[in-house]
Every structure is written in C-alpha cells, then in structure tokens.
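Novice: Quick one: this structure, given as structure tokens, is what I'll be asking you about.
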C-alpha cells in the first residue's frame, strides 16, 4: 500500500518485524526480564507470561539460506524448520533465556531435539505433548503435560505461577485478541486501511515484543490509521490461507496486481482472535480448555476438518473476499492435506481458489506473479 501520510506507529511495527533481537527485547532483558522462545500457535503463552517472562515466537526471518541447518535435517524437511534452526546455529537466538516446544509436527519437533543435542548451553528446557485428537481421555493426558510445563518453568526461573498472575496474563492476551479483531475490522469495508503485507509485519511484531508493549502499540496503530484516513479500494479482495508462509515479502507479491489481502489465517491474526479465554473460574483450567477445546483448531488436529473448512468460507464472506489463495511451504505435510481438502470443498462452495507451493525463503516471484495474474483475471472486478 503506497502511503502519502506519515505513519510512525506502523513504521515501528514494520521495522521491529525485521530484527530478531529487537530493541524491545533488549530493554525487557535489561530490566531483568526473561525471554522464552516458543512455537506457534498452540503453546499456552499465558502460563509463561504468568511466570513474568516475555514469549517470543521463533521464526527464520533474516536468513537467505539454510546451509548451516541442512546437515541436521533430512532433505524433505520443510524450509521453515530449517530456517529457524539455521538462525539458531548462527547464534541469532543466543539472547533467549529459555525455549519451550511441543509436537506441532514431526519436522518442527526436531528443532528441539537438535537444539539440546548439538548446541552448547541450549535454552530449550521443556517439551510437552499436545494430543492430535480431541477427546476427554486426551484432555486428561494434556492436563498432566501442562502440569509438567508449569513445574519446569517455576523451577527454572524460581517463581510461582499463581492464579492471580495467570488471570492477569489472560486479561492481557484477551486484550490482544480484541485489538487484533479491531485492526482487522479496518479491512472489512470497501475502503481498506491496511494491506496484507503490513498486517503480516504487525503480527510478526506482536509475537516478538512484550505483551503489553504490543497491545499498547496495536491500540496506537488503530488510532493512527483511523485518524490518517488513508485507504485503498482494491480491485480484487483476497483471503490468504496459510500458516508458515507468513513473511510479508510473499504478501507483497500477492498484492502486486491490483489485489489486496483483506483477511487471512495467519497465526495471531483474526483466525485465532474469535474466541476469548474466560476470565471467571480457575484460570489454569480456562487456559488449558481454551487451547485444547475452544479455539479454532489447526490442521494438526484430527477430526476437525469440517470445522476448519467452514471457518475459511465464513471468514472469507465476512471480509467480502472474492477468492482464496492458499500457500504451503514445500514439504509441509499438514498443509498438503489442508490444501487437498480445500480443493474440493471450495469447488463445491463455488469459491475461486489458487493453490501455491512456496519456499519459506521467497524465490520464483516471476512465476508466482504469472499464476496470480491468471487467477485474478478469472475473478469479476469489483465496481
């Protein structure tokens, strides 16, 4: 989106998204705070934040290759995983005071295995299992896993994770969800205040700064965009369905032909902002119930495909998108199945779609633009 007015808050988000060890991280640690790296989207961040820590979503941004990591993974491991470990080996994450992992997929869990096995003074201290099927027996198992995470975190940092601290963390994370939903509301109308590439950087930033800092900046960003009044009425309105292909450079390519991404399924975006954690009752139980039962499930959860497929179309219609572009990082098994299911379902629903396989490190922009242009030409232009 070409802007003619000053947007210092948005500029802060975009700059902060670029740097792994950003200024906010440095200031938080200088004040004695601990920073815990973790994987999205099912790590119960509120538990770690109740321990007084800042959570940091691991990513592979900033690297232009995976040469360091390739020796530790099979060739069919997704580039997202290898890019993260490449940055670990390059000591980009040396600032972390801890790291928590779970069995999101067989690729990503190997980051934990390799980190503790081959990297001296690894900060990784906890791995918990999140069942891939929702059932009462699986939930009981999950509760024991989270009890282990709580105990390890308390022991590592010499703190007590109390109900009061958990409730405070819940309130602040719910504030994040409400602010994200309010930011996305600025994309629902014919005139759009913020594009997909900008949103990608905003979401990257709020996952890599202290929670309250991110929330305050989100609030300021919404006010800045409304006050500035600078909007675009796109010729083509798109939904972007993806998980790991969350770098803003990919969104910029998809928005290069008079198109704009008006909604998405990005981690920490509107996809996961539609349900709040209850603030009444046992806070730890509420957090566990939220991550296991309540929130819109990720592709890793068996038996939830109907719920997810319906959610794609519901969100698309809510934001008046004309079609869906889905992108999976090469060799991602979870998103291979997600795209396979989307293919027939969206056809049945009469929803135009374009499916892409991309690298986490962006290449082949020319070919992508050619496919995008052909797809857009099949869509009716908006008035």
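Novice: Looking at residue 303, is it surrounded by fewer than 17 Cβ atoms within 10 Å (Cβ to Cβ), at pLDDT 95 or above and out of contact with any strand residue (DSSP E or B) (no Cβ under 7 Å at 6 or more places or on another chain)?
Specialist: no
Novice: If we keep just the residues of segment 294-309 that are within 19 Å of the chain's Cα centre (by Cα) and touching a residue at least 40 places away in the same chain (Cβ under 8 Å), which is nearest to residue 103 (Cα to Cα)?
Specialist: 300
Novice: While we're here: Report yes if residue 374 is more than 30 Å from residue 169 (Cα to Cα), surrounded by 13 or more Cβ atoms within 10 Å (Cβ to Cβ) and free of Cβ contacts under 8 Å to residues at least 12 places away in the same chain, otherwise no.
Specialist: So residue 374 fails the test.
Novice: Would you check which residues across segment 120-143 are within 22 Å of residue 297 (Cα to Cα) and touching a helix residue (DSSP H, G or I) at 6+ places or on another chain (Cβ under 7 Å) and list them?
Specialist: Correct list: 127, 128, 129, 130, 131, 134, 139, 142, 143.
Novice: Mind checking which residues of segment 203-232 are under 13 Å from residue 57 (Cβ atoms) and part of a helix (DSSP H, G or I)?
Specialist: The answer is 203, 204, 205, 206, 211, 214.
Novice: Take the conditions out of contact with any helix residue (DSSP H, G or I) (no Cβ under 9 Å at 6 or more places or on another chain) and closer than 25 Å to residue 187 by Cβ and apply them to residue 371. Does it pass?
Specialist: For residue 371, the condition - out of contact with any helix residue (DSSP H, G or I) (no Cβ under 9 Å at 6 or more places or on another chain) and closer than 25 Å to residue 187 by Cβ - is met.
Novice: Another question, if that's okay. Is it the case that residue 113 is farther than 16 Å from residue 287 by Cβ and in a loop (DSSP other than H, G, I, E, B)?
Specialist: So residue 113 fails the test.
Novice: Output yes when any residue across segment 108-118 is within 20 Å of residue 296 (Cα to Cα), surrounded by fewer than 20 Cβ atoms within 10 Å (Cβ to Cβ) and touching a helix residue (DSSP H, G or I) at 6+ places or on another chain (Cβ under 8 Å), and no when none is.
Specialist: no
Novice: Kindly evaluate residue 312 against the criterion of being in contact (Cβ under 8 Å) with a residue 24 or more places away in the chain, more than 20 Å from residue 182 (Cβ to Cβ), touching a strand residue (DSSP E or B) at 6+ places or on another chain (Cβ under 8 Å) and not in a loop (DSSP other than H, G, I, E, B).
Specialist: Yes: the conditions hold for residue 312.
Novice: Restricting the search to segment 357-367, which residues are in contact with a strand residue (DSSP E or B) (Cβ under 7 Å, 6 or more places away or on another chain) and surrounded by 19 or more Cβ atoms within 10 Å (Cβ to Cβ)?
Specialist: Selection gives 358, 360.
Novice: Further, regarding this structure: Do we have residue 93 as modelled with pLDDT of 95 or more, more than 22 Å from residue 160 (Cβ to Cβ) and over 21 Å from the mean Cα position of the chain (by Cα) here?
Specialist: no
Novice: Have a look at 146, 194, 161 and point out the one that is farther than 25 Å from residue 13 by Cα, in contact with a helix residue (DSSP H, G or I) (Cβ under 9 Å, 6 or more places away or on another chain) and outside any helix (DSSP H, G or I).
Specialist: Just a single option satisfies the conditions, and that option is 161.
Novice: Does any residue of segment 328-343 turn out to be at negative phi, surrounded by 19 or more Cβ atoms within 10 Å (Cβ to Cβ) and assigned to a strand (DSSP E or B)?
Specialist: Yes, there is a match, as at least one residue in segment 328-343 is at negative phi, surrounded by 19 or more Cβ atoms within 10 Å (Cβ to Cβ) and assigned to a strand (DSSP E or B).
Novice: From 171, 156, which residue is assigned to a helix (DSSP H, G or I), within 16 Å of residue 97 (Cα to Cα) and either touching a strand residue (DSSP E or B) at 6+ places or on another chain (Cβ under 8 Å) or touching a residue at least 24 places away in the same chain (Cβ under 8 Å) (or both)?
Specialist: Answer to the selection: 156.
Novice: Where residues in segment 237-267 are farther than 25 Å from residue 60 by Cα and either under 12 Å from the mean Cα position of the chain (by Cα) or surrounded by fewer than 22 Cβ atoms within 10 Å (Cβ to Cβ) (or both), which of them is modelled with the lowest pLDDT?
Specialist: 257
Novice: Of the numbered conditions (1) touching a residue at least 24 places away in the same chain (Cβ under 8 Å); (2) surrounded by fewer than 18 Cβ atoms within 10 Å (Cβ to Cβ); (3) under 30 Å from residue 48 (Cα atoms), residue 270 satisfies every one except a single condition; which is it?
Specialist: Of the numbered conditions (1) touching a residue at least 24 places away in the same chain (Cβ under 8 Å); (2) surrounded by fewer than 18 Cβ atoms within 10 Å (Cβ to Cβ); (3) under 30 Å from residue 48 (Cα atoms), the odd one out for residue 270 is (2).
Novice: Kindly establish whether residue 170 is closer than 24 Å to residue 5 by Cβ, surrounded by 21 or more Cβ atoms within 10 Å (Cβ to Cβ), in contact with a helix residue (DSSP H, G or I) (Cβ under 8 Å, 6 or more places away or on another chain) and at pLDDT 95 or above.
Specialist: no
Novice: What is the one condition in (1) in contact with a strand residue (DSSP E or B) (Cβ under 8 Å, 6 or more places away or on another chain); (2) surrounded by fewer than 24 Cβ atoms within 10 Å (Cβ to Cβ); (3) touching a residue at least 60 places away in the same chain (Cβ under 8 Å) that residue 177 does not satisfy?
Specialist: (1)
The values are calculated or read from the model by the stated rules, or taken from the named source; none is laboratory data. Since this is a predicted model, take the numbers as computed values, not measurements. Reconstructed Cβ throughout: ideal geometry from the backbone, glycine too, with neighbour counts over all protein chains shown.
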